[in-house]
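Worksheet: one structure, shown below.
Just so it is clear, none of the values below were taken in a lab; they were calculated from the coordinates. Owing to the predicted nature of the structure, the values given are computational and were not obtained by experimental measurement. Neighbour counts are summed over all protein chains in view; Cβ atoms, including those assigned to glycine, are modelled from backbone coordinates with ideal geometry.
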Amino acid sequence: MALKDFLNLVSEVSVIRTISTTDGMGGFTTTSTSSSIPLCAIWQNGSVNKWLSDKYEKNSTHQLVYEYGSYTFDTSASTDTAIETISFNSETYKRVGFSDDVMNLHEIITQGLERIS
């Protein structure tokens, strides 16, 4: 059996990408696109803080786990003008850090999330 068979990936989440662009005259135009990740799970992390350089640094509060190749997050979406949020069961999360191919097996991907509402 593959690793992903043990993870119970049964939920679907919505990914909303919001892009704000300037019109050059002080105003902004905002557009949103929605897509989904069909088989995934969101788990709460055991710890949300870590000690780094004599201070606490906030880590992700949750982990999104999904099948390899089913979705690719836009790496430019971490800028101020493009924001990707994940919605699941009336809760909203934002991406924290980068996606990780677990053990480079090309089976599952983990993505750190921070719950925002």
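Using the Cβ-Cβ distance between ASP101 and SER32 with R0 = 35 Å, the FRET efficiency computed as 1/(1 + (r/R0)^6) comes to roughly 0.80. Ordering HIS106, HIS62 from the fewest to the most neighbouring beta carbons within 10 Å gives HIS106, HIS62.
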